[in-house]
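> Got a structure for you, written out below as structure tokens; questions coming shortly.
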């Protein structure tokens, strides 16, 4: 069944984790430090960051001085890019059912579903990660070196 645009726990971790990294742009931050800052599951955040690295949004370096950093400047990354890295291409649905059964007649929800999904996508597309610089205090342990421990 289709649904209104959704934000999973993993999506939320991606948004918040990348916002924390934007606050320390060009510095590698460990997953441990970020999970403590956000008060979230270390293992879930680690999995999300690994996925975002595979999608090209993060750079990860292993070893004692490593961690993750943004793959490009925060003003070049939209929330839509993060969302689509996690969920795949955004689909603006206008019906909550997999197959329309109303035969073109008025939907029981009117155009609410289409409008809400459209507004959600528009917000994600126009909002850049740089907007959230300063949202979190600067994290400890950020390193400029290229070797380190991602975790």
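> Give the relative contact order (percent, whole number) for the chain; include only Cα pairs under 8 Å separated by 6+ residues.
41 percent
> Distance between Cα centroids, segment 10-43 to segment 74-108: provide it in whole Å.
A separation of 26 Å, based on Cα centres.
> Which order results if 25, 119 are arranged by neighbouring Cβ count within 10 Å, fewest first?
With the fewest neighbours first, 25, 119 line up as 119, 25.
> Continuing with this model, one more query. If you average the sequence gap of Cα pairs under 8 Å that are 6 or more apart and divide by the length of segment 1-86, what percent do you get for the contact order?
The value is 35 percent.
> Can you compute the helix-only [θ] at 222 nm over the chain? Use -39500 (n - 2.57) per DSSP H run of at least 4 residues, normalise by all residues, nearest 500 deg cm²/dmol.
-12000 deg cm²/dmol
> Assuming 0.36 nm per residue, please report the length gained on full extension of the stretch residue 101 to residue 62 beyond their Cα-Cα distance.
8.8 nm
> Shape call for segment 24-67 from the C-alpha gyration tensor, a ≥ b ≥ c root eigenvalues: rounded (a/c under 1.5), prolate (a/b greater than b/c) or oblate?
Here segment 24-67 falls in the oblate category.
> Further question: For Cα extents along the principal axes in Å, several values are listed as (i) 53, 43, 27; (ii) 42, 30, 27; (iii) 61, 26, 25; flag the one computed from this structure.
(iii)
> Hey, rough spin-label estimate for residue 125 and residue 51, points 7 angstrom out along Cα→Cβ, what's it come to in nanometres?
Distance between label points: 2.3 nm.
> Then there's this: Go ahead and set up a Gaussian network model of the chain, Cα springs under 10 Å, then flag whichever of 29, 18, 116 fluctuates most.
Most flexible of the set in this elastic network: 116.
> How long are the three semi-axes of the equivalent ellipsoid of segment 1-82, in whole Å, if each is the root of 5 times an eigenvalue of the C-alpha gyration tensor, listed from largest down?
Here the semi-axes work out to 21, 15, 11 Å.
> Calculate how steeply helix 9-22 sits against the longest principal axis of the alpha-carbon atoms of the chain, using the helix alpha-carbon long axis, and give the answer as 0 to 90 degrees to the nearest 10.
50 degrees
> Quick check: residue separation of residue 43 and residue 109 times 0.36 nm, minus the Cα distance between them. What number comes out in nm?
Once the chain is fully extended between residue 43 and residue 109, it gains 19.9 nm.
> Between residue 4 and residue 36, what length comes free when the chain is fully extended (0.36 nm per residue of separation minus the Cα-Cα distance, one decimal in nm)?
8.4 nm
Taken together, the values in this text are just the output of simple stated rules run on the coordinates, not laboratory data. Small disclaimer: the values here were computed from a predicted structure and weren't measured. Ideal geometry is used to build each Cβ from the backbone, glycine not excepted, and the neighbour counts take in all protein chains shown.
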